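Colleague: One structure is given below, represented as structure tokens, and several questions about it will come after.
The values are calculated or read from the model by the stated rules, or taken from the named source; none is laboratory data. Owing to the predicted nature of the structure, the values given are computational and were not obtained by experimental measurement. Cβ coordinates were reconstructed from backbone atoms using ideal geometry, including for glycine residues, and neighbour counts include every protein chain displayed. Surface accessibility is based on the protein's heavy atoms, side chains included, excluding ligands, DNA and RNA. Shrake-Rupley method; radii C 1.70, N 1.55, O 1.52, S 1.80 Å.
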Amino acid sequence: PEARDTLERRRGTFKTLVVGVRSLPEQLSPATACTEVEKQTLELLFDRLYHVERIISQGQRYRPQLATALPAGSLTASINLRKNAYWSSGERLTAADLRQTALLMNQADAAGRSSLWRDYLEIPTLEGNPFHVNVGNRQGLFDPLAPLTFWILPEYYRAKQLQRGVDPEFAKAPLGSGPYQYVGRKQDAGKPFALFQANPHDLRQGSNALRAIRMIGWTDASKDLPRPLPHVILDAPTDQLPALKGLGYVEKNAKNPTCVHFLAVNHRRATLTSVSIRRAIAHALDRQALLNKHFCGKASPGKYHAAANGLFPPTSWANAPAPRVDAPNDLYQPEQARSLARKAKEESAKVAWTLKYPAGEPHVQAACEDIARAIAALLQEAKIDAEVQPVGLPPHALQKAIDERDFDLLYTSAESMDDPVRLALMFDRQEDATRAGGGNYLGYDNDVKLHELLRAALQHRQFSAVQESMQTIHVHLHGTMPIIPLWQLDVHVLVHPTLQTPSLDPRAVFANVRAWKIAP
């Protein structure tokens, strides 16, 4: 590989992809990545058994990645692994790596753990063939491939068995089987950039593959976008679109069909256990006005982004239609909010909350400050002694606060919650899920009706039955508001004309990076 790179440099054919990002990646383990760019970067470094593609014009579908084909079997998925997948260290990826990944995900004290392997999947067993694995389902599932889209980690890292997915050394210098390996941060003319180089042991690399990737930070397209211009701009703010398009960029698939932003509520706080106070907050927020003011940009109010009325994306099949629930833009009901706030005064005469959010994005900060003021004003009007303090934290500090349950209200997001398994994991009421580091960071564990509805949704595989169950869950969540739904933000990915790409999934931009080409 080094000789090839040298030859390509001499010929002038060595291609480096330049990507403009809002912040440089720091944590590159699947267990610790939390910023948008870090999550996108995982596609460069790691593989899954199956990758879910979400192309707007084609819908959702699965394609094998480390697996050679879609699985055979019903409750037990019989899976053959690719024999040409190698870690960037040169070691071959085998079923033992898959098993170790499952064990790491199943650790009872791991931060960010879920109950996926406890409740839905059997830990894979090794049966002699290093390229075959059986993954048992503990029950039939509506979407049996959805749980098989986790990232695969190596069994060994630096000659030792990897003991934790959140290993800090691994997160800083990960070992992956994807098309690229992370080299680290470098400097160019005094400006830092994150450098990725082609995995020298990736036999799936095409002859026209890009040999290196540079990620470069920027904030304002008219002031600090590096020259020559980056080939790709990830997650551009909407108000930057006119300037970027003026530079020749073309937008690819702005819509984000899976992610919903909301205020997470810590139900361990006595003042937030009141349904009245949560519903009052939900009805007090003018989502469309907040979107227009802080996210849409002056030139495009109402053109981008959409209000949400629950955990499911507004266009999801799982959404209950009006009038079973309020339509997203009808959720703002000031009079109803005031009435509920007055009722809540009987339960809580004084509240003092923080509203924590990820620092670094002015749009998010300004929106959260307005939300905090709106909540405080509503409660104060109802004669409740109320203080709501917005607190911005660096993304990884915010993730630590979530793991340690150190928040009252929290601006966050979740993806694909119309998958019954994901939804059930979020509200898992077993002790290992609700305590520090577990998947149920909300602490919402005493809603018997919700758990009955979740069990019903998980028992069906016929679409019409699952849809009815999920819509009933939506109605129930709308009435109890364990989270406060906000909106769905479009993800803007812009490509320079010098770069040729197939269709892009805005949530997995680099999924088909092997097929990208830079024009001569």
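Colleague: For region 368-520, what are the per-bin percents of Cα-Cα distances with bins 5 Å wide, up to the bin holding the maximum?
Modeller: 1, 7, 12, 14, 14, 15, 13, 10, 7, 4, 2, 1, 0, 0
Colleague: Local charge sum around residue 36 (other residues, Cβ-Cβ under 12 Å, Lys/Arg +1, Asp/Glu -1)?
Modeller: The answer is -1.
Colleague: Give me the percent relative contact order of the chain, please, defined on Cα pairs under 8 angstrom at least 6 residues apart. Mind showing how you got there, number by number?
Modeller: Numbers: 1043 pairs, mean separation 108.1, N = 520.
For the chain, the relative contact order is 21 percent.
Colleague: Report, in debye and to the nearest 20, how large the dipole of the chain comes out about its Cα centre when Lys and Arg carry +1 and Asp and Glu carry -1 on their Cβ. Each step should come with its number before you reach the end.
Modeller: Numbers: 61 positive and 54 negative charges, 242 e Å.
So the dipole magnitude of the chain works out to roughly 1160 debye.
Colleague: Not counting ligands, DNA or RNA, and with a 1.4 Å probe, what is residue 331's accessible surface area in Å² rounded to the nearest 10?
Modeller: For residue 331, solvent-accessible area is about 0 Å².
Colleague: May I pose another question? If you roll a 1.4 Å probe over the chain with all protein chains in place, what percent of the accessible area is carbon or sulfur? Could you put the intermediate results ahead of the total?
Modeller: Details: 10890 of 21850 Å².
Answer for the chain: carbon and sulfur cover 50 percent of the accessible area.
Colleague: Helix 2-11 versus the longest principal axis of the chain: what angle, 0 to 90°, nearest 10, using Cα atoms?
Modeller: Relative to the chain, helix 2-11 is tipped by roughly 80 degrees.
Colleague: Evaluated at 37 °C with a viscosity of 0.692 mPa s, what Stokes-Einstein diffusion coefficient in µm²/s does region 304-387 have when Rh comes from the Kirkwood expression over alpha-carbon pairs?
Modeller: Calculated translational D: 218 µm²/s.
Colleague: Another question, then. Would you mind counting up the charge near residue 142? Only other residues with Cβ under 15 Å from its Cβ, with Lys and Arg at +1 and Asp and Glu at -1.
Modeller: Overall, the nearby charge balance is -1.
Colleague: Per 0.36 nm of contour for each residue apart, how much would the distance between residue 74 and residue 377 grow if the chain were fully extended, relative to their Cα-Cα spacing? Walk me through the numbers before you get to the answer.
Modeller: Working: separation 303, 0.36 × 303 = 109.08 nm, distance 5.46 nm.
Using 0.36 nm per residue and subtracting the Cα-Cα distance, I get 103.6 nm.
Colleague: Could I have the simple spin-label model distance between residue 269 and residue 322, label points 7 Å from Cα toward Cβ, reported in nm to one decimal?
Modeller: 3.1
Colleague: For residue 356, enumerate residues with amide H under 5 Å from its amide H, sequence gap 5+ or separate chain, H modeled in the peptide plane.
Modeller: Counting only residues 5 or more places away or on other chains, the set is 391, 408, 409, 410, 411.
Colleague: Using alpha carbons only, what's the Rg to Rh ratio of region 310-349 with Rh from Kirkwood? Working shown, then result.
Modeller: Details: Rg = 13.7 Å, Rh = 12.1 Å.
Dividing the radius of gyration by the Kirkwood radius yields 1.14.
Colleague: Which whole-number percent is the relative contact order of region 328-406 (Cα, under 8 Å, 6+ apart)?
Modeller: With pairs under 8 Å counted, the relative contact order is 38 percent.
Colleague: Sorted by packing (mean other beta-carbon atoms within 10 Å per residue), highest first, where do 101-114, 181-194 land?
Modeller: 101-114, 181-194
Colleague: Nearest 10 degrees, 0 to 90: what angle lies between the long axis of helix 95-105 and the longest principal axis of the chain (Cα atoms)?
Modeller: Between helix and principal axis, roughly 30 degrees.
Colleague: Could you tell me which GluC sites (Glu not before Pro) in region 294-401 are loop residues by DSSP with no more than 12 other beta carbons within 10 angstrom of their beta carbon?
Modeller: Passing both the DSSP loop test and the Cβ count: 346.
Colleague: Let me see the pair-distance distribution of region 52-143: every alpha carbon pair, 5 Å bin width, integer percents in order.
Modeller: Bin by bin from 0 Å, the calculated values are 2, 12, 18, 21, 21, 16, 8, 2, 0.
Colleague: Only bridges with both residues in the chain count here: give the DSSP antiparallel percent, nearest 5.
Modeller: 75
Colleague: Please sort by residue number the trypsin sites (Lys or Arg not before Pro) in region 270-358 whose DSSP state is loop and whose Cβ has at most 11 other Cβ atoms within 10 Å.
Modeller: Within region 270-358, the qualifying trypsin sites (Lys or Arg not before Pro) (loop, at most 11 other Cβ atoms within 10 Å) are 298.
Colleague: Non-local amide H neighbours of residue 121 (under 5 Å, H modeled in plane, Pro and chain starts lacking H): which ones?
Modeller: Result for residue 121 returns 138.
Colleague: Relative to the first principal axis of the alpha-carbon coordinates of the chain, what is the inclination of helix 36-45, with its axis defined by its Cα atoms, in degrees from 0 to 90 and to the nearest 10?
Modeller: Relative to the chain, helix 36-45 is tipped by roughly 30 degrees.
Colleague: Can you spot the lysines whose alpha carbon is less than 17 Å from residue 223's alpha carbon? Ignore those fewer than 8 places along the same chain.
Modeller: Correct list for residue 223: 191, 245.
Colleague: Summing Lys, Arg as +1 and Asp, Glu as -1, what charge do residues with Cβ under 14 Å from the Cβ of residue 117 carry, residue 117 excluded?
Modeller: That sum, taken over residues with Cβ under 14 Å, equals 0.
Colleague: Lysines near residue 252 by alpha-carbon distance under 20 Å, same-chain residues fewer than 8 away left out - which ones?
Modeller: Answer for residue 252, where 20 Å is the Cα cut-off: 39, 303, 517, listed by chain and number.
Colleague: Sticking with this structure for a sec: Shape verdict for region 209-337, please, from the Cα gyration tensor: rounded (a/c under 1.5), prolate (a/b greater than b/c) or oblate.
Modeller: Judged from the Cα gyration tensor, region 209-337 comes out prolate (a/c at least 1.5, a/b above b/c).
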